Amino acid sequence: MPIMSQYSSAQLEAIDQINERIEALETVVADLQFNLRQCDIVLAKVAVVPRPKKGETTDLPERIEPELLTGTEAFDRAMFALTDWYGDGEHSTKVVARTPGTIVVRCSDTNAEMIDRQIAQANVLKDQIKELIPRLGTRNDRFELLHNHHHMLVTLQLVRHYTALPPKPVIQSLSFTWGVKTEIKRVTVSEAIERIHKIMNDPAPEGMDPTQWQWNISRELNRVRSLPSDTELRQRRTLVVRPMVNIRWRLSQAERDARREKWEKEKKFDQPVSLREAHTPLIVLNPTTPVKVGTLGVYDAINAKKRTRRADRKTSDEPISWLLPIYPVLSST
């Protein structure tokens, strides 16, 4: 074990508490896996999303073809996904492992209650670990302390919640899709100017003379400074492409009638659907009616770009500077 004298007593206490909770989590999940294996498999569908190799990381791949598994093979992969917290030395750990899918199982009420309780316990431990990590100190300290004790740990995979869906409310269907979300943040002109100032300290791009690089930045700085100080700006950043799941609940006749009445009055249909990230297989316990389960298709960036942009608060297609993904808001008048 590496010497820990460089860390404070508070940091060492925090890593000890994290270690205790990871050990407890491993025990709880082992029991959860055992109890799930005592169930009858009604249906199992899992998509294994390929991970890039080291050095090939990109948040915006052009195409993703998941490996689709069904039956016992899918169930076994789902069990593996519950403890898939570590890198393997071959794939990049900058892109987390994602195993979207569903296992539908039937078991005794006693076993179902035990599974629910173990999932709740596991999620509590995951939350406690997540809350303790900032106490490890700086980003470098957090990395070193965690990896000294848990080699190649992928923290985000460790703290992700499990999801179990009980018999009620009744699930109608689970469908999977790709989420390509754009993060939009408000930015002031002064903040944009400050960001360009920071870029001045960056080395010149390959093939560009340092003097030319500084001249280019100065020109862009003057361009942004010329904007009125009250100019509305938005930073647009496309986030990591990730699988999502739509959970649709079945409506009773009374609920259908109530929603039909609301539609007639307000022209608005309140559809009971929930969209969530699909990083780990959903566990459906003892459903009272058959659940329709879809599969995750191929992601194609070209088709994704054809989607219609939102009509509200549009931004210009041209950024205020080629140095920044920041765009002026178009006037609504």
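The values are calculated or read from the model by the stated rules, or taken from the named source; none is laboratory data. Note that this is a predicted model, so its numbers are computed, not measured. Glycine also receives a Cβ, built like all others from the backbone with ideal geometry; neighbour counts cover every protein chain displayed. Calculation scope for accessible area: heavy atoms of the full protein, side chains included, ligands and nucleic acids excluded. Shrake-Rupley method; radii C 1.70, N 1.55, O 1.52, S 1.80 Å.
Applied to the stretch 158-170, the Karplus parametrisation 6.51 cos²θ - 1.76 cosθ + 1.60 on θ = phi - 60° returns per-residue 3J(HN,Hα) values of 5, 9, 5, 6, 8, 10, 10, 10, x, x, 10, x, 6 Hz, with x for Gly and Pro.
In the chain, helices alone account for a calculated mean residue ellipticity at 222 nm of -12000 deg cm²/dmol, with every DSSP H run of four or more residues adding -39,500 (n - 2.57). The Ile41 and Met152 beta-carbon pair, evaluated with R₀ = 22 Å, returns a calculated FRET efficiency of approximately 0.10. Prolate is the label for the stretch 87-229, because the ratio a/c of its alpha-carbon gyration tensor axes (a ≥ b ≥ c) is 1.5 or higher and a/b is greater than b/c. Across the stretch 64-102, the residues whose backbone nitrogen lies under 18 Å from the label position 7 Å along the beta-carbon direction of Thr295 are 64-78, 99-102. Under 5 Å between amide hydrogens, built in the peptide plane, is the criterion, and for Trp178 it picks out Met244 among residues at least 5 positions away or on other chains.
Annotation: amide H-H contacts under 5 Å for Arg250 (H modelled 1.01 Å from N, sequence separation of 5 or more, or interchain): Val170, Ile171, Gln172. For the chain, the share of accessible area belonging to carbon and sulfur comes to 50 percent (1.4 Å probe, ligands and nucleic acids excluded).
Each residue, Arg186 and Ser226, gets one label point 7 Å from its Cα in the Cβ direction; the gap between the two is 2.7 nm. Distance between the modelled labels on Trp322 and Thr138, one decimal in nanometres: 3.5 nm (7 Å Cα→Cβ projection).
Electrostatic bookkeeping for His161 treats Lys and Arg as +1 and Asp and Glu as -1; over the other residues with beta carbon under 12 Å from its beta carbon, the sum is +2.
Here the stretch 26-172 is treated as a sphere whose radius is the Kirkwood value from Cα pairs; by Stokes-Einstein at 10 °C and 1.306 mPa s it diffuses with a coefficient of 93 µm²/s.
Seen against the Cα atoms of the chain and their longest principal axis, helix 109-132 is set at about 20 degrees. Taken as Cα centroids, the stretch 118-146 and the stretch 16-35 sit 13 Å apart, rounded to the nearest whole angstrom. Extending 7 Å from Cα along the Cβ direction at Lys53 and again at Arg106 yields two label points whose distance is 4.6 nm.
Rolling a 1.4 Å probe over the protein heavy atoms gives the chain an accessible area of 59 Å² per residue. Stretched out straight at 0.36 nm per residue, the stretch from Glu277 to Glu26 would grow longer than its current Cα-Cα span by 88.0 nm.
Here the chain carries DSSP beta bridges of which approximately 85% are antiparallel, counting only pairs with both residues inside.
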